[in-house]
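Q: Let me begin by handing over the structure; questions about it come next.
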Amino acid sequence: MSVKIRLQRHGKKGKPFYWIVAADARAKRDGKFLEKIGIYNPNTNPATVELHLDKAVQWLHNGAQPTDTARAILSYKGALLKHHLDGGVRKGALTQEQADAKLAAWLEEKANKVNAKKDGLSKAKDDAKAKALKAEKEINEKRAKAAEEALKAAEAEEATEEVAEEAAEAATEEVVAEVAIEEAPAVEEAPEAPAAEETSEEA
């Protein structure tokens, strides 16, 4: 029987969630499996991978063949390195202590890289949030400035209208005064009529 280490899909539509399993190569993808050795969640950033290292290495020792994606995950978690180091221990190329030290150093370096990536993503998220907040403040300041300018323009327009109204009223008053002045002499000329009558009587 050929055994494969592969992914078994779970989760809802558009949100896949995988189990890492050792299964018969003839079984369906989401069918029967021999043993579950981990989980893989690609929906997070970075992806969440939980792997039972010893079980995975034991299946590799027994000849299980990982699929391409499963191989990448096993490499990411150090299972392939441990399998390689165990082979060196069996051949006598190095001791178990040396193999464990190499594996621990590699795992620590890998963890530091993952943490650095998480910190970078967190920093980038904070920078994006700060940038968006700054842009929003600038927009609010522009809006406030525009509203203030519009208010000033409205006040200036009202002042101009008041001045125009005052000028119109003054002009109206001047016209009324001129009309009154022009009408006043016509009223004064009326008493001259009896003198004309006296002249006609003398004639």
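The values are calculated or read from the model by the stated rules, or taken from the named source; none is laboratory data. The structure displayed is predicted, hence computed values, not measured ones. Cβ atoms come from the backbone with ideal geometry, glycine included; neighbour counts cover every protein chain shown. What goes into the accessible areas is simple: the full protein's heavy atoms, side chains included, and nothing from ligands, DNA or RNA. Shrake-Rupley method; radii C 1.70, N 1.55, O 1.52, S 1.80 Å.
Q: Multiply the residue gap between THR172 and LYS28 by 0.36 nm, knock off their C-alpha separation, and tell me the result in nm, one decimal place.
A: Working it through step by step, the gained length comes to 41.8 nm.
Q: Next question. At a 1.4 Å probe, what is the % contribution of carbon and sulfur to the accessible area of the chain? List each step's numbers first, then the result.
A: On the way: 8100 of 15020 Å².
On the chain, the fraction of accessible area on carbon and sulfur atoms equals 54 percent.
Q: So what is the relative contact order for the chain, in percent, with contacts set as C-alpha pairs under 8 Å and at least six apart?
A: Relative contact order of the chain: 11 percent.
Q: Can you tell me how much longer the chain between LYS102 and GLU141 gets when fully stretched, taken as 0.36 nm per residue apart minus their C-alpha distance, in nm with one decimal?
A: In short, 8.2 nm is gained.
Q: Where does helix 79-91 land angle-wise versus the long Cα axis of the chain, in degrees 0 to 90, nearest 10?
A: 20
Q: Next up: Between their Cα atoms, which of LYS4/LYS125; LYS36/LYS113; LYS13/LYS129; LYS4/LYS110; LYS36/LYS91; LYS32/LYS102 are more than 32 Å away from each other? Mind showing how you got there, number by number?
A: Values: LYS4/LYS125 39 Å; LYS36/LYS113 27 Å; LYS13/LYS129 30 Å; LYS4/LYS110 26 Å; LYS36/LYS91 30 Å; LYS32/LYS102 36 Å.
Cα-Cα > 32 Å for LYS4/LYS125; LYS32/LYS102; rest within.
Q: Can you give me the Cα centroid spacing of the range 121-156 and the range 85-118 in angstrom?
A: 53
Q: If you don't mind, there's one more thing I want to ask. Suppose we keep just the DSSP beta bridges with both residues in the chain; what percent of those would be antiparallel, to 5?
A: Expressed as a percentage, antiparallel bridges in the chain total about 90.
Q: For a distance above 27 Å, tell me the whole-number percent of Cα pairs in the chain that qualify.
A: Here the tail beyond 27 Å accounts for 65 percent of pairs.
Q: Next up: Working out 0.36 nm times the residue gap between ASP126 and LYS12, then minus their Cα-Cα distance, what length gain in nm do you get to one decimal?
A: Numbers: separation 114, 0.36 × 114 = 41.04 nm, distance 3.02 nm.
Full extension from ASP126 to LYS12 adds 38.0 nm.
Q: Please list 74-87, 149-162, 33-46 highest first by mean number of surrounding beta-carbon atoms within 10 Å per residue.
A: On the way: 74-87: 18.8, 149-162: 10.0, 33-46: 16.0.
Order by mean packing, descending: 74-87, 33-46, 149-162.
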